[in-house]
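Here's the structure we're looking at; comments come further down.
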């Protein structure tokens with residue numbers, strides 16, 4: 001079975017600057033794929049290649065096993081670009097009807113009704129887009145992206161510039177779309193919290209290279225199990241503190257009052273640390289294992305790149 | 001409905017709903033065209049009609065200059081006030097990039113956007129020119145000489161002048177899409193006064209007879225030259241150039 005998106009060894013140079021340096025990744029059907037990276041990393045260029053707006057200098061890009069430059073392939077993709085692309089002086093309904101006709105859809109009434117209801121715009125459908133808030137515009141752009149019932153949605157920072165409540169609405173809308181409409185979603189973002197909440201797979205791009213790619217859960221596990229917080233019943237003696245610091249595999253990072261924060265290396269479990277403390281007569285009040293957050297992973301990868 | 005006609009319908013609707021743009025267009029049009037029509041009428045037509053035997057050829061020439069210039073001015077001002085402002089807005093709003101990511105081609109978008117400006121300009125321009133023709137005939141000519149219109153000036157004003165702007169629309173939209181809309185706007189801003197001043201001056205100094213077939217052919221020639229210049233520029237019409245220029 002063909003993956004939803006398959007990018008292989010893609011290179012792209014613009015004005016003699018190499019924007020994408022041999023990037024490869026796959027997005028499987030049904031994925032909510034988070035495409036992360038700092039500004040200028042190559043996210044938008046990748047999206048433009050996926051949408052056929054740019055041609056790769058080398059490598060191949062396939063959407064559901066087909067070349068992106070075929071008109072039939074483009075009909076399988078819905079998109080929201082960094083600018084929403086809506087006609088300001090037209091109503092939401094007119095914008096949706098226009099794109100439905102572009103995709104040669106017939107019997108659009110029902111689908112428009114359904115999409116405006118999903119996007120929560122049914123009461124404002126006859127208003128001009130110029131009267132919409134940024135959040136409403138983005139929700140309308142999402143409805144427009146789905147007007148032709150595409151298999152894949154490619155979204156370039158859909159919550160950028162939207163206020164926090166608008167961001168929550170859009171995030172919820174994306175989760176609903178993925179779950180209820182069974183779409184593959186390719187989401188470019190630099191909002192780590194957003195990606196962490198809704199994506200199951202991610203790729204991290206920096207300076208045109210993919211630095212991290214895979215299932216979010218696997219990546220978290222692979223980052224050394226995150227941090228462990230152990231709260232002791234009483235203060236540990238200085239000698240034990242010294243001893244703990246010298247056990248490299250425990251990775252003691254910090255001692256804050258009764259709290260000890262560890263970043264254990266691979267193969268070292270929470271139980272190992274607890275056993276060690278118990279063997280020294282230390283009573284444990286609480287032990288919390290915190291998995292590596294996307295933010296920590298992101299920061300650590302980018303730090304590695306810089307060094 | 002074909003994709004180009006979809007772009008045209010939507011684009012025209014979107015542009016014409018901008019009331020401020022339309023008001024500016026009408027005000028500038030009335031000032032420029034009326035000034036030209038009134039000054040030629042009062043300074044040249046009225047004195048000629050005051051003669052015992054008005055020179056019909058001369059009257060036809062004055063009418064020809066008025067009609068041809070009115071046609072050029074009315075269409076040209078629409079281009080100046082609407083075209084490149086709308087193209088700039090559509091590029092910055094991501095409308096052009098969004099259209100290119102659909103099954104539409106760069107050529108569809110280019111032709112569509114050129115016609116979005118040309119069609120209303122043609123309708124406004126030719127309607128205004130026709131009204132001027134009727135008013136001048138009613139006020140001045142019908143009572144003295146009968147209805148006045150030379151077939152060559154009719155062709156130059158109602159066919160060749162719009163054709164010049166159609167070709168200019170194709171060229172400037174190509175430049176505006178693949179480069180900066182302001183550069184395309186500058187071309188129209190220079191073209192309009194130059195061609196209007198040139199045709200009025202040449203006609204008034206008896207160098208060029210606006211009521212002759214060579215004048216019509218010259219107009220068609222200008223349109224052809226603009227079109228020929230446009231052809232090599234078509235190589236730049238790619239999705240990438242359009243998106244990067246935004």
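What's the number of the only condition in (1) buried (at least 17 other Cβ atoms within 10 Å of the Cβ); (2) under 21 Å from the mean Cα position of the chain (by Cα); (3) outside any strand (DSSP E or B) that residue A:202 fails to meet?
Failed condition: (3).
Of the residues that sit in region A:77-91 and are in a loop (DSSP other than H, G, I, E, B) and more than 22 Å from residue A:122 (Cβ to Cβ), which one is nearest to the other protein chains (Cβ to nearest Cβ)?
This residue is A:83.
Pairs under 6 Å by beta carbon, first residue at the interface with chain B (Cβ under 7 Å from one of its Cβ atoms) and under 19 Å from residue A:147 (Cβ atoms) in region A:49-76, partner surrounded by fewer than 20 Cβ atoms within 10 Å (Cβ to Cβ) and modelled with pLDDT under 90, six or more apart or different chains?
A:52/A:69
Please work out which one of (1) under 22 Å from residue B:126 (Cβ atoms); (2) crowded, with 22+ Cβ neighbours inside 10 Å is the condition residue B:34 fails and give its number.
Looking at each condition in turn, residue B:34 falls short on (2).
State the number of residues belonging to region A:97-121 that are without any contact (Cβ under 8 Å) to a residue 24 or more places away in the chain and either farther than 14 Å from residue A:149 by Cα or away from chain B (no Cβ under 14 Å) (or both).
Summing the residues that are without any contact (Cβ under 8 Å) to a residue 24 or more places away in the chain and either farther than 14 Å from residue A:149 by Cα or away from chain B (no Cβ under 14 Å) (or both) in region A:97-121 gives 7.
Quick one: would you say residue A:42 is touching a helix residue (DSSP H, G or I) at 6+ places or on another chain (Cβ under 9 Å) and more than 9 Å from every other protein chain (Cβ to nearest Cβ)?
Answer is no for this residue.
Would it be correct to say that residue A:94 is within 11 Å of chain B (Cβ to nearest Cβ) and part of a loop (DSSP other than H, G, I, E, B)?
Considered against the rule, which asks whether it is within 11 Å of chain B (Cβ to nearest Cβ) and part of a loop (DSSP other than H, G, I, E, B), residue A:94 comes out as no.
Which residues, counting only those in region A:25-52, are in a strand (DSSP E or B) and buried (at least 21 other Cβ atoms within 10 Å of the Cβ)?
A:27, A:32, A:33, A:34, A:35, A:36
Go through (1) surrounded by fewer than 21 Cβ atoms within 10 Å (Cβ to Cβ); (2) under 11 Å from residue B:69 (Cα atoms) and name the single condition residue B:157 misses.
The one condition residue B:157 does not meet is (1).
Mind checking which helices (runs of 4 or more DSSP H) fall wholly inside region B:34-150 and carry at least 3 residues that are within 14 Å of chain A (Cβ to nearest Cβ) and either in contact with a helix residue (DSSP H, G or I) (Cβ under 8 Å, 6 or more places away or on another chain) or modelled with pLDDT under 90 (or both)?
Ranges flagged: B:84-92, B:95-100, B:106-136.
Among the listed residues A:203, A:178, which satisfies the condition of being at pLDDT 90 or above and closer than 22 Å to residue A:63 by Cα?
Values: A:178 fails: at pLDDT 90 or above.
Answer to the selection: A:203.
If you check residue A:55 against the conditions, is it under 20 Å from residue B:238 (Cα atoms), part of a helix (DSSP H, G or I) and assigned by TED's automatic domain parsing to the domain that holds residue A:201?
no
Just to be sure I understand, how many residues within region B:209-236 are outside any helix (DSSP H, G or I) and surrounded by fewer than 18 Cβ atoms within 10 Å (Cβ to Cβ)?
Final tally of qualifying residues: 1.
Any residue in region A:10-24 that is assigned to a loop (DSSP other than H, G, I, E, B) and in contact (Cβ under 8 Å) with a residue 24 or more places away in the chain?
No - not one qualifying residue is present in region A:10-24.
The values are calculated or read from the model by the stated rules, or taken from the named source; none is laboratory data. Values in this document were obtained by computation on a predicted structure and should not be read as measured data. Every residue, glycine among them, receives a Cβ derived from its backbone with ideal geometry; neighbour counts consider all protein chains shown.
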